[in-house]
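The values are calculated or read from the model by the stated rules, or taken from the named source; none is laboratory data. This one's a predicted model, so the numbers in the text were calculated from it and none came from an experiment. Because the Cβ atoms are built from the backbone with ideal geometry, glycine has one as well, and the counts that use them run over all protein chains shown.
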Amino acid sequence: MLASFSILCATFRAPAQEPRYWSIALADTLMKRNSGAPEEPLTPWSYWKGYTLNGFEMLWQSTGDRRYLDFIKQQIDPIIDRDGNLVGVKLDSLDNAMAGNIVVGLYEHTHDPRYRVAAAQIRKMFDNYPRNADGGFWHNPKLPGEMWVDGVFMGEMFLLRYGDSIGDRKYCFDEAINQITIFARHALKGKSGLYYHAWAANPDLATVVPQRKLHWADRATGLSPEVWSEGLGWYVLVVVEALARLPVDYPRRTEVLDIYEQLAAGLKRAQDPVSGGWFFIVDKPGRTDNWIDTSGSAMFTYALERGIELRLLRSKEYSSAVTAGYRAIIRNARINSDGLVDILSACDGVCVQATYADYVGCKRTINAKEAVGGFLWATAVVEKPGHVN
């Protein structure tokens, strides 16, 4: 398993010479930092593990270098027994569906039936998963009524790929479209094309669950207070990947395309013209305590480049934004004294916060795990080393 990046990061000193491909340098770093079998009991299965391994898959596909596929198998195989059963995995939240995406990927690449069996177990989780009255999934069964943007990514990335590669296609595709559009209806911020971090169907739960009163939800709208960069990043990633998988004539695909086009335009407007990155609170660039976030910036860079690649966006309108975003994130990468890559200017594991001050006050750390995964996605798609597939 991928060990905790924030714990394993090396002491950073003067940077060494920059690599030709940051994607390859980071992948090599992760393989060195996580060279053995799973040891840390808290994270043998996690969303950020699946997220980061998807970046390895991108490199495998673009370079043909077998090391990347072997590393994915090294990290996933100890969690799946000889019959395909998941070992020690609690399928109790949308976060815990995310790593299923790479399980489906392993089935695609190897045709080993164990991965299909394991993926089917994850798919069953959705049959009785708790929902709001409009069908929106709760982020977690312990969070009644709460839709977090993170969960739209975690759940629907798996369903889209499962439906595309294994089966239950209509349910999987329809459910993904439902969740993407339900969240959009609730969480869009005005006409900005941008989305708040979360929405609660019951913003004041004191009358329903006395021990839980939502501290972050506006009592009138149910919305969280800010457009958080990484949360918006999760959303634009799943939207563009949905468009990559949905057939062009699939019912309601145009709704998803409209969301993506408006969001891409909003991101272009919000991009910092000086750094090329995006602020932690995306639409408040003038605040002196706001700062450029590597994690969200990497996600946005990937999503815009992916849109160009899929011919959803016009290159002449968005390629400069991709180039600026790429330069911004690599400025926040360093080669440390051990020759390993460190990623700077990001926070680790941010949940929904109650105020602007709570968001921007979150502690920044070296090698925040989501930023590492996002950096790998962005550099893998922009650099495309190898171009073998």
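Okay, here's what the table says:
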read-out: Residues being at pLDDT 90 or above, surrounded by fewer than 23 Cβ atoms within 10 Å (Cβ to Cβ) and of a type in the set (D, E, K, R) - total across the stretch 35-61; value: 1
read-out: All helices (runs of 4 or more DSSP H) inside the stretch 63-165 with 1 or more residues being at pLDDT below 95; value: 66-76
read-out: Tabulated pairs, the stretch 84-99, first over 19 Å from Pro130 (Cα atoms), second exposed (fewer than 13 other Cβ atoms within 10 Å of the Cβ) and not small (Gly, Ala, Ser), C-beta under 9 angstrom, 6+ apart or interchain; value: Gly84/Pro113; Gly88/Pro41
read-out: Selection count, the stretch 76-117, where residues are within 25 Å of Ser62 (Cα to Cα) and among the charged types (D, E, K, R); value: 4
read-out: So Trp45, is it touching a strand residue (DSSP E or B) at 6+ places or on another chain (Cβ under 9 Å) and not aliphatic (A, V, I, L, M); value: yes
read-out: Index of the failed condition, Glu241 passing every other in (1) crowded, with 20+ Cβ neighbours inside 10 Å; (2) closer than 26 Å to Lys170 by Cα; (3) in contact with a helix residue (DSSP H, G or I) (Cβ under 6 Å, 6 or more places away or on another chain); value: (3)
read-out: Meets criteria (more than 20 Å from the chain's Cα centre (by Cα), of a type outside the set (Gly, Ala, Ser) and farther than 22 Å from Glu305 by Cα) for Arg364; value: no
read-out: Test result for Ala217, over 22 Å from Tyr171 (Cα atoms), of a type outside the set (Phe, Trp, Tyr) and surrounded by fewer than 23 Cβ atoms within 10 Å (Cβ to Cβ); value: no
read-out: Residue list for the stretch 300-335, filter: in a loop (DSSP other than H, G, I, E, B), within 18 Å of Lys384 (Cβ to Cβ) and free of Cβ contacts under 8 Å to residues at least 60 places away in the same chain; value: Arg311, Leu313
read-out: Residues that are under 17 Å from Asn290 (Cα atoms), in contact with a Cys (Cβ under 6 Å, 6 or more places away or on another chain) and surrounded by 20 or more Cβ atoms within 10 Å (Cβ to Cβ), drawn from the stretch 312-366; value: Cys347, Val350
read-out: Selection count where residues are in contact with a helix residue (DSSP H, G or I) (Cβ under 7 Å, 6 or more places away or on another chain) and at positive phi, scope the stretch 53-87; value: 1
read-out: Top-ranked residue of the stretch 250-299 - restricted to ones that are touching a strand residue (DSSP E or B) at 6+ places or on another chain (Cβ under 8 Å) and without any contact (Cβ under 8 Å) to a residue 60 or more places away in the chain, ranked as surrounded by the fewest Cβ atoms within 10 Å (Cβ to Cβ); value: Pro285
read-out: Verdict on Gly307 being on the phi < 0 side of the Ramachandran plot and within 17 Å of the chain's Cα centre (by Cα); value: yes
read-out: Residues being farther than 23 Å from Ala328 by Cα and either in a helix (DSSP H, G or I) or aliphatic (A, V, I, L, M) (or both) - total across the stretch 242-261; value: 13
read-out: Members of the stretch 120-136 that are surrounded by fewer than 19 Cβ atoms within 10 Å (Cβ to Cβ) and either more than 21 Å from Pro44 (Cα to Cα) or touching a helix residue (DSSP H, G or I) at 6+ places or on another chain (Cβ under 7 Å) (or both); value: Met125, Asp127, Asn128, Tyr129, Pro130, Arg131, Asn132, Ala133, Asp134, Gly135
read-out: Total residues in the stretch 352-386, condition touching a helix residue (DSSP H, G or I) at 6+ places or on another chain (Cβ under 9 Å) and either over 16 Å from Leu340 (Cα atoms) or not charged (D, E, K, R) (or both); value: 23
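Yes or no, residue by residue, for (1) buried (at least 20 other Cβ atoms within 10 Å of the Cβ); (2) touching a strand residue (DSSP E or B) at 6+ places or on another chain (Cβ under 7 Å); (3) over 20 Å from Asp168 (Cβ atoms):
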residue: Thr63; (1), (2), (3): yes, no, yes
residue: Tyr68; (1), (2), (3): yes, no, yes
residue: Lys73; (1), (2), (3): no, no, yes
residue: Asp81; (1), (2), (3): no, no, yes
residue: Gly100; (1), (2), (3): yes, no, no
residue: Val104; (1), (2), (3): yes, no, no
residue: Ala118; (1), (2), (3): yes, yes, no
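Per-residue answers, yes or no, for (1) small (Gly, Ala, Ser); (2) in contact with a strand residue (DSSP E or B) (Cβ under 7 Å, 6 or more places away or on another chain); (3) under 24 Å from Gln353 (Cβ atoms); (4) surrounded by 17 or more Cβ atoms within 10 Å (Cβ to Cβ):
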| residue | (1), (2), (3), (4) |
| --- | --- |
| Leu160 | no, no, no, yes |
| Gly163 | yes, no, no, yes |
| Ile166 | no, no, no, yes |
| Glu175 | no, no, no, yes |
| Asn178 | no, no, no, yes |
| Ala187 | yes, yes, yes, yes |
| Gly190 | yes, no, yes, no |
| Trp199 | no, yes, yes, yes |
